[in-house]
Structure formats: structure tokens, C-alpha cells
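The values are calculated or read from the model by the stated rules, or taken from the named source; none is laboratory data. Quick caveat: nothing in here was measured; it's all calculated off a predicted structure. Here the Cβ positions follow ideal geometry from the backbone for every residue, glycine too, while neighbour counts run over all protein chains shown. Note: accessible area is taken over every heavy atom of the protein model, side chains too, but ligands, DNA and RNA are not part of it. Shrake-Rupley method; radii C 1.70, N 1.55, O 1.52, S 1.80 Å.
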Amino acid sequence: MNISVIVPAYNENESLPELTAWIERVMKDNNFTYEIIFINDGSSDDTWNVIELLNAQNTNVKGINFRRNYGKSAALYCGFEAAQGDVVITMDADLQDSPDEIPGLYSMVAIDGYDMVSGWKKKRYDPLGKTIPSKFFNFTARIVSGIKLHDFNCGLKAYKKKVVKSIEVYGEMHRFIPIIVRKAGFSKIGEKIVHHNARKYGYSKYGWKRMIKGYLDLITVLFITRFGKSPMYLFGGGGSLMFLVGGIMAIYLIIQKLSLQSQGLLHRSVTDQPLFFISLTLVIIGAQLFLAGFLGELISRQSSDRNNYLIDEIIDIQNIKISEK
């Protein structure tokens, strides 16, 4: 099978028939073998009934129905698990992503050899309350991750099959899939300018809460990707530095007092000086951070996947398991 199209849907019953017909037309025009996997993310409208009807009309249409709303990351995770196509393409269900982009995305992955291609909605038809925070968020994500993409959260993306089988998306981490993909060892990440349509049905699910969650999740994913296996490098390093600085400050105060005392000069008690309490605070916090790093290392060493490594292929070696997760 050439392509799996994964479409998370939440209260999008009006747009699904039109989106399905559009995808079918593109696939037939390009002679692609394909499947469309709709994930109904706990919709309160007739989204699931529409998916069942579309499946009855076209066996290429498949569906997963969540009992309640879990979010886009959960929908993508289940879609990735079910996908069978050599190239996996994700898009939103609101018709703002154009299926006409599918051939170009497929070519960049299947022919040009990209592990992942992210869409860039260079010209957007969204209100300023959504576009301005999005630009600021993407700018921050580029700086801290080092990945030069203009639109990390674009729903229109394409992946090699082995990429989606090698990553785990949870919480709100769908915004940072490029970072997760690179952490999994897939470094050839491209970008394609894609057409963005104005919303035709329904309403945007974007709100100010998502922006706050986005920055918190950015901190989380950066910590996990950089220090998830070795938390001591972060906590232990920072704690040791604070402990050292605090200790030097305390020693300095003690030496200063002893020096003045030996000369018979007027001096203050060490515990009467504000600097002493600053140094004491640094020592205590440093010790706590070091202990947090040590406990993190113990937990990491007990993890069931501590030696779970991603192996693409093996030559002339027997009895070793190739893991996709």
C-alpha cells in the first residue's frame, strides 16, 4: 500500500464526506493505493455515524472511535499504530488542509528520501488571535530545538512508515513531533509550503489554554529528549554548581571573620551577615537538586525500556530482536 492518510476528527461531521471525496479523487488521479483512517476523538455530534457510512461506501475508509475526548496526540498515536502504508500522511478534518498536497508530500518521502516532511502554511486564513501566538510559538521552538521549521504544529505532515512506528506521541506532544522524530534518530526532516484553506464548517478548537500548554509541553519534550535517560546531567550538574558556589561563599565569610578577629579588628558574626543565608540557601538547594538527579538515575535504571534501542536492519547476526518502539 502506498499511502495511509490519518485524520483525527472532533465534531467535524459536516466536513468528512467532502474531505473523503477529495482524497479519493487525488488518489485515483495519481494511481495510489491507499487507506483513510479517521479517528473520532469523542465527538458529541454525528461524526462516528458519518465515518460508518463512509466505510460502507468505500472499503478504503477505516475508523477508530474513542469513547471520550482524549486529544489529538492520542488520535495520532492510534492512527500510527494502525497505519499500513509505506508513506503516512496526517491532516486535519476541517478542510483547511488540502489533499491536493498529497502527491508532493508523497514524492518528497518516497522519492527524495525524507524521513519526515512538515507542511508550512505560509499564507494562513486564521484570525490574528491564532496566527500571532502561533508565530511566536514556532519562533521559540526553532530556537530551543535547533530544527529550522516554520510551522511545527501544521497538521499536514508526511512520514516514512518506519518513522511513525518508532515514535510515541502522548499528552499534547503532537506539536513537537519533529523534535520527537529527530530524537528517534531520523534526521532528514524537510518542509513544504502548502495551501491553507479558510474554515468552511464548524469552529476552531484553538484557545489561549492551548498556547500555555504548548510552552509547558515544549519544556517537557526538551527535557525528555535531552535528559530523559540521564537526569543526573541536569539536576546533578546544576545542584553541584550551586552547592559549590554556596560552600565557597560560606568559607569566604568564615576566613574573613577569622582574619579580622586575629588582627583584633571589629568584625560581625558570620550568622549576622545576609551573605551567609544566601550561601546556606544555595547549599541546601544544590543538595536537593543533586538528590533529585540521583533518584532520577535510579528510576531510569529500573525502566523496562532502558535498553530498548531502535535498529533499522541487521546483517549476518542471529537471535537479536529488531524493535520499532
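Taking amide hydrogens as modeled 1.01 Å from N in the peptide plane, which residues meet the under 5 Å criterion relative to K62, leaving out close sequence neighbours?
Those lying under 5 Å, H to H, from K62 are I36, I37, F38.
In whole Hz, with x marking every Gly and Pro, tabulate ³J(HN,Hα) for segment 12-28 from phi via Karplus 6.51 cos²θ - 1.76 cosθ + 1.60, θ = phi - 60°.
Per residue, the Karplus-derived 3J(HN,Hα) values read 10, 4, 6, 8, 4, x, 5, 5, 4, 4, 5, 4, 4, 4, 5, 5, 5 Hz.
For segment 31-38, what does the Karplus curve 6.51 cos²θ - 1.76 cosθ + 1.60, with θ = phi - 60°, yield as ³J(HN,Hα) per residue in whole Hz, taken in order and with x for Gly and Pro?
6, 8, 8, 7, 9, 10, 10, 8
Count charges around T59 for me, please; just the other residues with Cβ under 14 Å from its Cβ, Lys/Arg as +1, Asp/Glu as -1. Before the final figure, lay out each step's value.
Numbers: positive: K62; negative: E24, E35, E52.
Once all neighbours under 14 Å are counted, the net charge is -2.
List the trypsin sites (Lys or Arg not before Pro) within segment 80-145 that fall in a DSSP loop (any state other than H, G, I, E or B) and whose Cβ has at most 13 other Cβ atoms within 10 Å. All intermediate terms of the calculation are to be shown ahead of the outcome.
Working: sites: K121, K122, K123, R124, K130, K135, R142; in loops: K121, K122, K123, R124.
In loop regions of segment 80-145 (DSSP not H, G, I, E or B), the sparsely surrounded trypsin sites (Lys or Arg not before Pro) are K122, K123.
Enter the accessible area of K229 (Å², nearest 10), with the probe set to 1.4 Å and all protein chains included.
110
Give me the accessible area of Y201, 1.4 Å probe, in Å² rounded to the nearest 10.
In the full protein context, Y201 sits at about 60 Å².
Could you work out the relative contact order of the chain, using alpha carbon pairs under 8 angstrom and six or more residues apart, expressed as a whole percent?
Numbers: 522 pairs, mean separation 53.7, N = 325.
The value is 17 percent.
Can you give the accessible area per residue of the chain, in Å², using a 1.4 Å probe?
For the chain, the per-residue accessible area is 55 Å².
Residue by residue through segment 93-103, which ³J(HN,Hα) values in whole Hz follow from phi under the Karplus form 6.51 cos²θ - 1.76 cosθ + 1.60 (θ = phi - 60°), with glycine and proline marked x?
Result, ordered by residue: 8, 8, 6, 7, 8, 8, x, 5, 7, 4, x Hz.
Roughly how many Å² of R182 are accessible to a 1.4 Å probe, to the nearest 10?
100
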